[in-house]
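Working notes, beginning with the structure itself.
The values are calculated or read from the model by the stated rules, or taken from the named source; none is laboratory data. Just so you know, these numbers come straight off a predicted model, no measurement behind them. Here Cβ is always computed from backbone atoms with ideal geometry, including for glycine, and neighbour counts include all displayed protein chains.
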């Protein structure tokens, strides 16, 4: 009888392994053979979106402006999980940087199916105390960044006759927020930009939409004064902040073929804030 | 002149294929017909497709609308534009 027990255990394990590996997989979205670029993809919502796309088979390019360490961490986390990712540094507000980044994409994967314009910054000040630099920098990253990235992406996507562009706006654009004239203006701009570009590119099967995340647990949220964050919590129907993964869910939908009849729209992910 | 005629017929095919003009035959496009607006009934957004196709086929870039207007005035104008740009473009 000796040795019998370990043998059955091994057989049991083998049967279990066979069972699990042959279980029908219910993949929610499939991005196999798709190339995605996520701007500001190293941290927060961008990181969650990058991970979620890679997990479902996309080859993900993570763009970052300055935090190389965070970008490399996201890349290695994706690779450890068996996904495909690489990082490219570029300031989205800098035309030359963006042109170089797209040069790498053209010479590398040679196509781009999904562009997630997630890079964005805050420089909250009451207008009376807002410097010109605070104004310009927010506009440069949040709005000019769309001009640069979408312009280069459109070239590739028109040629492919396929593409999904997902921009990021904010409830501030709709309801306004003291201290965010620059940010709210830029994010309202994102909505107009999204609707207009959707009209330009629809006939090439390139669809342009936006997500509108409310209060999400990211570094950006921590930039808000604590009392402001608490006050905001009161206004959220679900009485909790969202997670980056919950925003990624909406991005995945807009990046997938399941949303092929949707363009020029904004999906709000805010737990009932607005 | 021989070269220009070859280029014109090449461009006709490029236009028909890239814009998917299924009911247009190459001989339907006259060398001096306007490409956009009245001629083939194509608009400025259709022109984007041709901008991308020209870049792919000949490596020439149409940077703005003024250049586009000149290049897309007619097939003949487009042939002249492509011939000129190809010559001045440095080989990659």
**Message:** Can you say whether residue B:46 is under 13 Å from the mean Cα position of the chain (by Cα), loosely packed, with under 13 Cβ neighbours inside 10 Å and modelled with pLDDT under 90, as far as the supplied structure shows?
**Reply:** no
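Residues are listed down the side, and each one gets a yes or a no for (1) modelled with pLDDT of 85 or more; (2) touching a strand residue (DSSP E or B) at 6+ places or on another chain (Cβ under 7 Å); (3) within 14 Å of chain A (Cβ to nearest Cβ); (4) not in a helix (DSSP H, G or I):
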{"residue": "B:8", "(1), (2), (3), (4)": "yes, no, no, no"}
{"residue": "B:31", "(1), (2), (3), (4)": "yes, no, no, yes"}
{"residue": "B:37", "(1), (2), (3), (4)": "no, no, no, yes"}
{"residue": "B:57", "(1), (2), (3), (4)": "yes, no, yes, no"}
**One residue from A:174, A:166 being touching a residue at least 60 places away in the same chain (Cβ under 8 Å), under 20 Å from residue A:270 (Cβ atoms), away from chain B (no Cβ under 12 Å) and surrounded by fewer than 23 Cβ atoms within 10 Å (Cβ to Cβ)** = A:174
**Request:** Give the residue, chosen from A:196, A:152, that is within 14 Å of chain B (Cβ to nearest Cβ), assigned to a helix (DSSP H, G or I) and surrounded by fewer than 21 Cβ atoms within 10 Å (Cβ to Cβ).
**Result:** A:196
**Request:** List the number of the failed condition for residue B:76; all other conditions in (1) part of a helix (DSSP H, G or I); (2) surrounded by fewer than 18 Cβ atoms within 10 Å (Cβ to Cβ); (3) within 14 Å of another protein chain (Cβ to nearest Cβ) hold.
**Result:** (3)
**Message:** Considering only region A:228-237, I want to know if a residue exists there that is in contact with a strand residue (DSSP E or B) (Cβ under 9 Å, 6 or more places away or on another chain), in contact (Cβ under 8 Å) with a residue 12 or more places away in the chain and under 26 Å from residue A:108 (Cβ atoms).
**Reply:** no
**Request:** May I ask you to list the residues in region A:202-235 that are within 14 Å of another protein chain (Cβ to nearest Cβ) and buried (at least 22 other Cβ atoms within 10 Å of the Cβ)?
**Result:** A:206, A:208
**Prompt:** Which of (1) on the phi < 0 side of the Ramachandran plot; (2) in contact with a helix residue (DSSP H, G or I) (Cβ under 9 Å, 6 or more places away or on another chain); (3) in contact (Cβ under 8 Å) with a residue 12 or more places away in the chain is the odd one out, the single condition residue B:34 does not satisfy?
**Reply:** (2)
